[in-house]
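Working notes, beginning with the structure itself.
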Amino acid sequence: MNDLKEKVAHGVFLLAAITSILSLVVIVIFIFTNGLPMMIDYGVFDFLLGTTWNRTTFGILPMIVGSIVVTIGAVLIGVPVGIFTAIFMAEFCPPSVYRFLKPAVNLMAGIPSILYGFFALRIIVPWVRDTFGGPGNSMLAAILLLGIMILPTIISLSESAIRSVPRSYYSGSIALGASKERSIFAVLVPAAKSGIFSSVVLGVGRAIGETMAVVMVAGNQPIMPRGLTQGVRTLTTNIVMEMAYASGQHRDALVATGVVLFVFVMLINGIFLYIKNKEAK
Amino acid sequence: MNTLFKWGAILGTTATLVACGNGDAEGTGSNDSASEEFDTSSSLHLVTREVGSGTRDAFAEMINLTDGDNDLIDPAATAQQGTNAVNTTVADDQYAIGYTSVGALNDDIKPVQIDGVDPTAENILAGDYSIARNFNVIRGDELSEQAQAFWDFMFSAEGQAVVEEVGYIQSDTEAPAYEGSDLDLSGDIDVNGSTAVYPVVEAMAEAFGDIHPDVQISVHSTGSGAGVTSAIDGTTDIGMASRDLNDDEVDQVTEVAPIALDGIAVIVHPSNPLESLTVDQVSDIFSGNVSTWDDVSN
């Protein structure tokens, strides 16, 4: 009887595991079988390095550069703010403030991206336009928006990384005569660096994959980025802008854009896993 | 070194906060003054719809900016998804110029005359306003009984009255009265396609629902391309397109007919002193050959 129960339970868990793995496999197969032939057919280099994108010419270099630049910008803004917030929350924050700060950060992570988009469209875009000139729908607006959107990921993960450093490190440092600040910045934070770094990597993943919010504020011009106050199109927004209308090779080119995006995400996850493994050793 | 790092962090954070605070204040300040003066030496901020949009295709065609499969609208123009996104962008940006459905015009944006003609229903019906187009509905295969009734309704006097209510121009001002009121209909009808045609058909569907409460009509705005494709492959009963079909597509559909007419208005910010443009000027502007507002007013 017990044996049967064991077997049934085993089966149920196995089924659950297979479902999630299978969906991943199906997605990978779909994206690659639809996208790769188009890339090869069109010419991989023409596709990846071409700078013109329209209904018959598919060069996605502007979007690759756009995604990378916007992500780097978001990291430059989001990482310092996020990590310092995490340090504050883990070490300096009075419990009364923490009671509000922690749920607030969690709430930030739960806000649907379309709402971030609305916020950026009404607040960030006009601000960029009035302060720096240009049309407002710009790379800078997208960077500021994504810089904010990656904060909760970076804050939560960095905070738990700092908290997971054994307390004896801190006590030891204090006992040796170091100040509180010095102990935190010279002992705790370096000890938590792989955790903090992986939070950054996940933040990068979120920034590069964000679509709906970015499409509202980025301007979406399919040409090489021309500056912070001018518009930009990312890989994700390229897909969402045109998928509804595309057919034939145009549609395949959008799926192939997805292949490139997928490779980026795999690279990011690879880096994340590498750091995790190093940490475990 | 560590102390330096710490102070750097504190200063950095403070600077960011202060910058944000100032920026907001300046933002509102210059916004207010902006609505009073218009600096003609500023560059034009072109706003366009995304590639594949029926409005964009129709507009490009009507201002002679097509070249085979692609239009010649400046790729550096800000691309916005959907009619409302274009309207909002132009309403917010003093130096923007865009284009939108005449039916979607509102008080926050200012339409420009084309060759001295206002984009109004009368002028479009009379054929005086040159940037105008058809709103088409498309059927692929046999229609179900209820879908056929809805199709007839769209071209009836009752259906055409709805067109006027939502602010577009009737394709048939002498349409016959709807004859199917006595039919006992039920079931589903699926309609999808152009985001521009959507509000017209949605309003018609509501009027139709008053007559036939058991019929469920779901209208989806998916874009003209998707509307044509799904009508052809049968995934929807009726497709909507805000452009005329190409020969290839006409061969594959059973019937395509206009339910309404729509003009495309060239729109600017209300503070813009610009009154009228010629089609050639519009064409020049949207191909990216005009850099500042000074060049337009002359």
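The values are calculated or read from the model by the stated rules, or taken from the named source; none is laboratory data. In this text the structure is predicted, and so the values were computed from the model without any measurement. Methodologically, a virtual Cβ is constructed for each residue, glycine included, from the backbone with ideal geometry; neighbour enumeration extends over all protein chains shown.
List of remarks:
- Filtered residues of region A:194-236 (kept if at the interface with chain B (Cβ under 9 Å from one of its Cβ atoms), buried (at least 21 other Cβ atoms within 10 Å of the Cβ) and polar (S, T, N, Q)): A:220, A:221
- The set of residues in region B:207-232 being touching a residue at least 12 places away in the same chain (Cβ under 8 Å), over 29 Å from residue B:248 (Cα atoms) and surrounded by fewer than 24 Cβ atoms within 10 Å (Cβ to Cβ) consists of B:207, B:211, B:212, B:214, B:215, B:216.
- Against the conditions (1) more than 17 Å from the chain's Cα centre (by Cα); (2) of a type outside the set (Ser, Thr, Tyr); (3) closer than 25 Å to residue B:49 by Cβ, residue B:185 satisfies every one except (3).
One line per residue, one yes/no per condition, for (1) in a helix (DSSP H, G or I); (2) closer than 13 Å to residue A:203 by Cα; (3) of a type in the set (Ser, Thr, Tyr):
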position: A:39; (1), (2), (3): yes, no, no
position: A:46; (1), (2), (3): yes, no, no
position: A:56; (1), (2), (3): no, no, yes
position: A:71; (1), (2), (3): yes, yes, yes
position: A:86; (1), (2), (3): yes, no, no
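- Among the residues of region B:241-294, the one identified as hydroxyl-bearing (Ser, Thr, Tyr) and crowded, with 21+ Cβ neighbours inside 10 Å is B:242.
- Residue within region B:36-59 that is over 25 Å from residue B:243 (Cβ atoms) and of a type in the set (A, V, I, L, M, F, W, C) present: yes
- Candidates A:120, A:90, filtered to the one that is in contact (Cβ under 8 Å) with a residue 24 or more places away in the chain, in contact with a helix residue (DSSP H, G or I) (Cβ under 9 Å, 6 or more places away or on another chain), away from chain B (no Cβ under 14 Å) and surrounded by 15 or more Cβ atoms within 10 Å (Cβ to Cβ): A:90
- If you check B:119, B:176 for being crowded, with 19+ Cβ neighbours inside 10 Å and in contact with a Phe, Trp or Tyr (Cβ under 9 Å, 6 or more places away or on another chain), only one passes: B:119.
- Residue within region B:237-244 that is closer than 21 Å to residue B:89 by Cβ, under 24 Å from the mean Cα position of the chain (by Cα) and of a type in the set (A, V, I, L, M) present: no
- Yes/no for residue A:183 being within 12 Å of another protein chain (Cβ to nearest Cβ) and more than 19 Å from the chain's Cα centre (by Cα): yes
- With respect to being outside any loop (DSSP other than H, G, I, E, B), within 14 Å of another protein chain (Cβ to nearest Cβ), modelled with pLDDT of 90 or more and surrounded by 19 or more Cβ atoms within 10 Å (Cβ to Cβ), residue B:100 falls outside the description.
- The requirement of being assigned to a loop (DSSP other than H, G, I, E, B) and either at pLDDT below 85 or crowded, with 19+ Cβ neighbours inside 10 Å (or both) is not satisfied by residue B:143.
- Residues satisfying the stated conditions in region A:227-281, i.e. modelled with pLDDT of 90 or more and basic (Lys, Arg): A:233
- Condition broken by residue B:91, with the remaining ones in (1) part of a loop (DSSP other than H, G, I, E, B); (2) within 14 Å of chain A (Cβ to nearest Cβ); (3) under 23 Å from residue B:38 (Cβ atoms) satisfied: (1)
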